[in-house]
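The values are calculated or read from the model by the stated rules, or taken from the named source; none is laboratory data. Fair warning: this is a prediction, and the values are worked out from it, not measured in the lab.
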Amino acid sequence: MSKEQPRFKVGDIVVVHANGTIGKVTKVKYIDPYYVYEINNNEGLYFENSIRPVDNYDGKPPHKEVVEISFEYQFGDLVKVSGYGEELYKIVGKRTEIWRYKNDSWEDIIYELSRLKDGEWLEANEEDLILIANVERAQQFIKKIKSLKTPISKLDSEKLKSINEYKKLGVNPEKRQIIDGLLDVYNDYHLLYNYFQDEEYKLVMEIVLKNLKKITEHKKI
(Lines give C-alpha, C1' and ligand atoms only; values in the text may rest on other atoms or scores of the structure.)
Protein backbone atom coordinates (compact mmCIF):
# COMPACT_ATOMS: atom_id res chain seq x y z
CA MET A 1 0.00 0.00 0.00
CA SER A 2 1.36 3.39 -0.98
CA LYS A 3 2.21 5.89 1.75
CA GLU A 4 0.09 8.50 -0.02
CA GLN A 5 -3.28 7.48 1.38
CA PRO A 6 -4.21 5.06 4.23
CA ARG A 7 -7.44 3.18 3.77
CA PHE A 8 -8.70 4.03 7.27
CA LYS A 9 -8.43 7.08 9.50
CA VAL A 10 -8.68 7.70 13.25
CA GLY A 11 -12.30 7.40 14.35
CA ASP A 12 -13.36 4.89 11.68
CA ILE A 13 -15.38 1.94 12.99
CA VAL A 14 -13.94 -1.32 11.70
CA VAL A 15 -14.23 -5.07 12.14
CA VAL A 16 -11.24 -7.33 12.86
CA HIS A 17 -11.35 -10.31 10.49
CA ALA A 18 -9.78 -12.80 12.90
CA ASN A 19 -12.40 -12.58 15.64
CA GLY A 20 -15.25 -10.36 14.45
CA THR A 21 -14.47 -7.69 17.05
CA ILE A 22 -15.88 -4.27 16.22
CA GLY A 23 -13.74 -1.33 17.29
CA LYS A 24 -12.60 2.19 16.56
CA VAL A 25 -9.33 3.12 14.87
CA THR A 26 -7.40 5.06 17.52
CA LYS A 27 -4.04 5.45 15.78
CA VAL A 28 -2.61 5.14 12.26
CA LYS A 29 1.08 4.37 11.79
CA TYR A 30 3.28 3.97 8.73
CA ILE A 31 5.85 1.17 8.91
CA ASP A 32 7.55 1.15 5.55
CA PRO A 33 5.97 0.09 3.26
CA TYR A 34 2.65 -0.52 5.08
CA TYR A 35 0.06 1.34 7.10
CA VAL A 36 -0.89 -0.34 10.38
CA TYR A 37 -3.74 0.50 12.73
CA GLU A 38 -4.29 0.56 16.46
CA ILE A 39 -7.81 -0.44 17.49
CA ASN A 40 -9.47 0.69 20.75
CA ASN A 41 -6.14 1.93 22.16
CA ASN A 42 -4.84 -1.65 22.41
CA GLU A 43 -1.14 -2.32 21.94
CA GLY A 44 -1.59 -4.69 18.99
CA LEU A 45 -1.36 -3.29 15.46
CA TYR A 46 -3.37 -4.50 12.46
CA PHE A 47 -2.51 -4.47 8.76
CA GLU A 48 -5.12 -3.12 6.35
CA ASN A 49 -5.96 -6.58 5.03
CA SER A 50 -6.85 -7.76 8.55
CA ILE A 51 -9.63 -5.21 9.13
CA ARG A 52 -12.61 -3.92 7.12
CA PRO A 53 -15.23 -1.17 7.41
CA VAL A 54 -18.10 -2.04 9.72
CA ASP A 55 -20.67 -1.25 6.98
CA ASN A 56 -19.25 -4.16 4.96
CA TYR A 57 -19.65 -6.57 7.86
CA ASP A 58 -22.30 -9.20 7.14
CA GLY A 59 -22.62 -10.30 10.75
CA LYS A 60 -21.42 -13.83 10.04
CA PRO A 61 -18.86 -15.11 12.52
CA PRO A 62 -15.41 -15.51 10.97
CA HIS A 63 -13.73 -18.86 10.64
CA LYS A 64 -12.09 -19.79 13.91
CA GLU A 65 -9.46 -22.43 14.50
CA VAL A 66 -9.63 -24.25 17.81
CA VAL A 67 -6.16 -25.24 19.01
CA GLU A 68 -5.91 -27.53 22.02
CA ILE A 69 -2.68 -27.17 23.96
CA SER A 70 -1.74 -29.65 26.67
CA PHE A 71 0.94 -28.59 29.15
CA GLU A 72 3.02 -31.38 30.65
CA TYR A 73 4.38 -29.13 33.41
CA GLN A 74 2.67 -26.64 35.72
CA PHE A 75 3.55 -23.44 37.55
CA GLY A 76 5.80 -24.19 40.52
CA ASP A 77 7.07 -27.54 39.25
CA LEU A 78 10.75 -28.15 39.98
CA VAL A 79 12.73 -29.28 36.93
CA LYS A 80 16.16 -29.79 35.46
CA VAL A 81 17.03 -28.66 31.94
CA SER A 82 18.96 -30.73 29.42
CA GLY A 83 22.42 -29.26 28.97
CA TYR A 84 22.42 -27.44 32.32
CA GLY A 85 23.78 -30.19 34.54
CA GLU A 86 22.39 -30.47 38.06
CA GLU A 87 20.96 -26.95 38.18
CA LEU A 88 17.38 -26.90 39.49
CA TYR A 89 14.74 -24.54 38.11
CA LYS A 90 11.20 -23.60 39.09
CA ILE A 91 8.58 -23.01 36.39
CA VAL A 92 7.33 -19.43 36.68
CA GLY A 93 5.71 -18.94 33.28
CA LYS A 94 4.67 -20.69 30.09
CA ARG A 95 3.51 -19.67 26.67
CA THR A 96 2.64 -21.12 23.29
CA GLU A 97 3.75 -20.00 19.87
CA ILE A 98 1.41 -20.99 17.04
CA TRP A 99 2.97 -21.18 13.58
CA ARG A 100 0.86 -21.32 10.44
CA TYR A 101 2.10 -21.41 6.86
CA LYS A 102 0.55 -22.38 3.57
CA ASN A 103 1.83 -25.95 3.66
CA ASP A 104 2.87 -26.42 7.26
CA SER A 105 1.81 -25.70 10.83
CA TRP A 106 2.95 -26.45 14.38
CA GLU A 107 2.75 -25.22 17.97
CA ASP A 108 5.69 -24.65 20.33
CA ILE A 109 5.40 -24.75 24.12
CA ILE A 110 7.97 -22.63 25.91
CA TYR A 111 8.50 -22.51 29.67
CA GLU A 112 9.99 -19.60 31.59
CA LEU A 113 12.17 -20.77 34.46
CA SER A 114 13.83 -19.30 37.52
CA ARG A 115 17.03 -20.95 38.73
CA LEU A 116 16.58 -22.12 42.30
CA LYS A 117 19.89 -20.94 43.71
CA ASP A 118 19.87 -17.36 42.43
CA GLY A 119 16.69 -16.67 40.43
CA GLU A 120 18.47 -16.44 37.07
CA TRP A 121 15.92 -16.57 34.25
CA LEU A 122 15.90 -19.18 31.49
CA GLU A 123 13.58 -20.27 28.67
CA ALA A 124 13.32 -23.90 27.60
CA ASN A 125 11.18 -26.09 25.35
CA GLU A 126 9.02 -28.76 26.92
CA GLU A 127 11.12 -31.63 25.56
CA ASP A 128 14.21 -30.24 27.33
CA LEU A 129 12.69 -30.40 30.83
CA ILE A 130 13.07 -33.21 33.35
CA LEU A 131 10.61 -33.21 36.24
CA ILE A 132 12.20 -33.45 39.68
CA ALA A 133 9.21 -32.57 41.87
CA ASN A 134 5.73 -31.37 40.99
CA VAL A 135 4.33 -28.22 42.55
CA GLU A 136 2.74 -30.14 45.43
CA ARG A 137 6.10 -31.59 46.44
CA ALA A 138 8.46 -28.85 45.30
CA GLN A 139 8.65 -26.91 48.56
CA GLN A 140 9.16 -30.07 50.58
CA PHE A 141 11.87 -31.13 48.13
CA ILE A 142 13.68 -27.79 48.44
CA LYS A 143 13.69 -27.96 52.24
CA LYS A 144 14.82 -31.57 52.19
CA ILE A 145 17.59 -31.09 49.66
CA LYS A 146 19.02 -28.18 51.69
CA SER A 147 19.10 -30.17 54.89
CA LEU A 148 20.05 -33.57 53.51
CA LYS A 149 23.34 -33.96 51.69
CA THR A 150 24.24 -37.62 51.50
CA PRO A 151 28.01 -37.70 50.96
CA ILE A 152 29.50 -39.85 48.26
CA SER A 153 31.18 -42.84 49.89
CA LYS A 154 34.95 -42.78 50.23
CA LEU A 155 35.26 -45.70 47.81
CA ASP A 156 33.00 -44.04 45.23
CA SER A 157 34.86 -40.77 45.66
CA GLU A 158 38.18 -42.49 44.94
CA LYS A 159 36.71 -44.19 41.86
CA LEU A 160 35.33 -40.92 40.51
CA LYS A 161 38.65 -39.20 41.11
CA SER A 162 40.43 -41.99 39.23
CA ILE A 163 37.95 -41.69 36.33
CA ASN A 164 38.44 -37.93 36.07
CA GLU A 165 42.21 -38.43 36.10
CA TYR A 166 41.81 -40.99 33.31
CA LYS A 167 39.93 -38.40 31.19
CA LYS A 168 42.97 -36.13 31.38
CA LEU A 169 45.15 -38.74 29.67
CA GLY A 170 43.88 -37.78 26.23
CA VAL A 171 41.27 -40.43 25.54
CA ASN A 172 39.60 -40.18 22.16
CA PRO A 173 36.50 -37.97 21.85
CA GLU A 174 34.07 -40.89 21.51
CA LYS A 175 35.23 -42.53 24.72
CA ARG A 176 35.28 -39.18 26.54
CA GLN A 177 31.66 -38.60 25.46
CA ILE A 178 30.62 -42.00 26.85
CA ILE A 179 32.40 -41.29 30.14
CA ASP A 180 30.80 -37.85 30.46
CA GLY A 181 27.38 -39.30 29.76
CA LEU A 182 27.77 -41.96 32.44
CA LEU A 183 29.04 -39.36 34.93
CA ASP A 184 25.93 -37.26 34.22
CA VAL A 185 23.73 -40.27 34.96
CA TYR A 186 25.64 -40.92 38.19
CA ASN A 187 25.20 -37.30 39.32
CA ASP A 188 21.48 -37.36 38.44
CA TYR A 189 20.83 -40.45 40.52
CA HIS A 190 22.98 -39.23 43.40
CA LEU A 191 20.78 -36.12 43.54
CA LEU A 192 17.64 -38.28 43.54
CA TYR A 193 19.09 -40.57 46.20
CA ASN A 194 19.86 -37.52 48.36
CA TYR A 195 16.18 -36.73 48.49
CA PHE A 196 14.29 -40.00 48.24
CA GLN A 197 16.80 -42.34 49.93
CA ASP A 198 15.53 -45.02 47.55
CA GLU A 199 17.92 -47.97 47.26
CA GLU A 200 17.00 -48.36 43.58
CA TYR A 201 18.70 -45.04 42.86
CA LYS A 202 21.78 -46.21 44.75
CA LEU A 203 21.77 -49.43 42.73
CA VAL A 204 21.80 -47.41 39.49
CA MET A 205 24.77 -45.41 40.83
CA GLU A 206 26.66 -48.65 41.51
CA ILE A 207 25.89 -50.01 38.02
CA VAL A 208 27.11 -46.77 36.43
CA LEU A 209 30.35 -46.93 38.43
CA LYS A 210 30.93 -50.54 37.34
CA ASN A 211 30.52 -49.51 33.69
CA LEU A 212 32.85 -46.56 34.16
CA LYS A 213 35.41 -48.87 35.75
CA LYS A 214 35.24 -51.26 32.77
CA ILE A 215 35.83 -48.41 30.34
CA THR A 216 38.73 -46.89 32.26
CA GLU A 217 40.47 -50.18 33.02
CA HIS A 218 41.59 -50.37 29.39
CA LYS A 219 44.63 -48.51 28.20
CA LYS A 220 44.31 -45.21 26.43
CA ILE A 221 43.04 -45.49 22.86
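Side notes on the structure shown:
- Residue list for the range 7-40, filter: polar (S, T, N, Q) and either in a loop (DSSP other than H, G, I, E, B) or modelled with pLDDT under 90 (or both): Asn19, Thr21, Asn40
- Filter result for the condition that a residue is in the same structural domain as Leu131 (by TED's automatic domain parsing) and either part of a loop (DSSP other than H, G, I, E, B) or not aliphatic (A, V, I, L, M) (or both), over Glu107, Glu72, Glu43, Glu4: Glu107
- Any hit, the range 194-201, residues being at pLDDT 75 or above, assigned to a helix (DSSP H, G or I), under 28 Å from Leu78 (Cα atoms) and among the hydrophobic types (A, V, I, L, M, F, W, C): no
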